[in-house]
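S.K.: One structure, pasted below without further comment.
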Amino acid sequence: MDSERQYNHSAHAGNAGDVWKHFVLGEVADYIFSKKPRLIYAESHVGYPEYELNKPGEWEGGIGRCWPNLPDLKNFCYFDILSAMNMKGLMRYPGSTSFLIKAAKKRGASLQAELWDTDPQVASAWSGVEHISFHLGDGFKGVRSLLGRSPSGLILIDPPHIDSKNAKLANALLSASKKAGWTVLLWQMAGQEKIIDSNKFEAYSLEFDQAGLDGGRWSGSSVYLACSDQELNSLLEKRIHEFLKIMC
Ligand SMILES: C[S@@+](CC[C@H](N)C(=O)[O-])C[C@H]1O[C@@H](n2cnc3c(N)ncnc32)[C@H](O)[C@@H]1O
């Protein structure tokens, strides 16, 4: 069995890498929702709708480290949603698509999601969820096939690891999606090969200790953004600066 098939995100949910990925995703989506009331959202590697946070867990070095600053962080989409889900203490963590469904609702926007994952248990977990089309299969191929037949929207590419084969697929998908008018995010841990073409796509990187987070063996992570909207890049920089100011 190949290693991607065995990957289960449960042990990693809410860790420092997830905080960075979902923080950036939330800011990008919230910006788009403020301009567009309807959004097509596609994820190539979606994982489960929701995760339980148990101790001990990687989340303690991630979302757990943010929790004391929650009153100041609540004006960010990501933290506002986490807070509303965990009124009695931090116990639940949304997968990326559940998070975006809540972010759309908060803005009164409507979201249609096209999701891919190769794990049949993940497929069962999404069964019956409204406004979701789940596809059991490879997400690189799946999202690529969507480009020509759907209005453009937002894409998250979040493979469990990026080897040289995935790197080629990821670069190609980022380029093709941007060309087709989509806004695309790709997440990657720092220390993996520099495989994404950073001349073509904006990289937003965090050294975890810069924000008081603990990523275990990982020192940081990057989110790449491919889009043609300079206003979004500027806004993101400003919001990241504000986030770091609170966390430092
Ligand atoms: C990092 S997790 C996804 C986490 C999710 N995006 C989030 O932020 O909440 C990666 C997922 O990719 C799935 N996966 C592995 N190989 C895949 C492939 N070739 N195509 C689609 N999904 C795949 C795994 O089953 C796993 O659920």
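S.K.: Which whole-Hz ³J(HN,Hα) couplings does segment 52-65 yield from phi under the Karplus relation 6.51 cos²θ - 1.76 cosθ + 1.60, θ = phi - 60°, glycine and proline marked x?
M.R.: 8, 9, 10, 9, x, x, 4, 4, 4, x, x, 4, x, 6
S.K.: A further question on this structure: Roughly how many debye, to the nearest 20, is the charge dipole of the chain about its Cα centre, given +1 on each Lys and Arg Cβ, -1 on each Asp and Glu Cβ, and no other charges?
M.R.: Values: 27 positive and 29 negative charges, 138 e Å.
Dipole size: approximately 660 debye.
S.K.: Between K200 and L235, how high is the FRET efficiency from 1/(1 + (r/R0)^6) when r is the Cβ-Cβ distance and R₀ = 22 Å? Nearest 0.05.
M.R.: FRET efficiency, K200 to L235: 0.60.
S.K.: Suppose only helical runs count, i.e. DSSP H with n ≥ 4. What mean residue ellipticity at 222 nm does that imply for the chain under -39500 (n - 2.57) per run, divided by all residues and rounded to the nearest 500 deg cm²/dmol?
M.R.: Mean residue ellipticity at 222 nm (helix-derived): -12000 deg cm²/dmol.
S.K.: Starting from the Cα of W67, step 7 Å toward the Cβ, then list every residue of segment 83-107 with an amide N under 12 Å from that point.
M.R.: 83, 86-93
S.K.: In addition: Normalised by the number of residues in segment 3-247, what is the relative contact order in percent for Cα pairs under 8 Å and 6+ residues apart?
M.R.: Once divided by the residue count of segment 3-247, the mean separation gives 25 percent.
S.K.: Okay, next question. Past the 26 Å Cα-Cα mark, which pairs from K35/K178; K21/K105; K106/K168; K88/K238; K36/K165; K165/K245?
M.R.: Going by Cα-Cα distance, K106/K168; K88/K238; K36/K165; K165/K245 fall outside the 26 Å limit.
S.K.: Can I ask one more? Could you sort 53-59, 204-210 so that the peptide with the highest average Cβ count within 10 Å comes first and the rest follow in order?
M.R.: 204-210, 53-59
S.K.: For R149 and R92 in one chain, what is 0.36 nm times their gap in residues minus the Cα-Cα distance, to one decimal in nm?
M.R.: Numbers: separation 57, 0.36 × 57 = 20.52 nm, distance 3.52 nm.
Gain on stretching R149 to R92: 17.0 nm.
S.K.: Here's something else I'd like to know. Using just the alpha carbons, could you tell me how many Å³ per residue the convex hull of segment 124-216 encloses?
M.R.: Per residue, the Cα convex hull of segment 124-216 comes to 150 Å³.
S.K.: Please report the spacing between the Cα centers of segment 24-88 and segment 157-213 in Å, no decimals.
M.R.: 19 Å
S.K.: If you wrap a convex hull around the Cα atoms of the chain, how much volume per residue is inside, in Å³?
M.R.: Measuring per residue, one finds 124 Å³ for the Cα hull of the chain.
S.K.: Hey, another quick one. Apply 1/(1 + (r/R0)^6) to the Cβ-Cβ distance of Y7 and E207, taking R0 = 22 Å, and write down the FRET efficiency to the nearest 0.05.
M.R.: In this case the efficiency is close to 0.35.
S.K.: Next question, about the same structure. So what's segment 1-148 giving for Rg/Rh, alpha carbon basis, Kirkwood Rh from the mean inverse pair distance?
M.R.: Checking Rg against Rh, the ratio lands at 0.96.
S.K.: Moving on. Give me the net charge for the shell around I81: Cβ to Cβ below 9 angstrom, other residues only, Lys and Arg +1, Asp and Glu -1.
M.R.: The answer is +1.
S.K.: Report, in debye and to the nearest 20, how large the dipole of segment 150-215 comes out about its Cα centre when Lys and Arg carry +1 and Asp and Glu carry -1 on their Cβ. Can you show the working numbers first?
M.R.: Working: 6 positive and 8 negative charges, 102 e Å.
About 500 debye.
Readers should treat all values here as calculations from the given coordinates under stated rules, not as data from a laboratory. Here the structure is a predicted model, which means the values were calculated and not measured. Note that each Cβ is placed from the backbone with ideal geometry, even for glycine, and that neighbours are counted across all protein chains shown.
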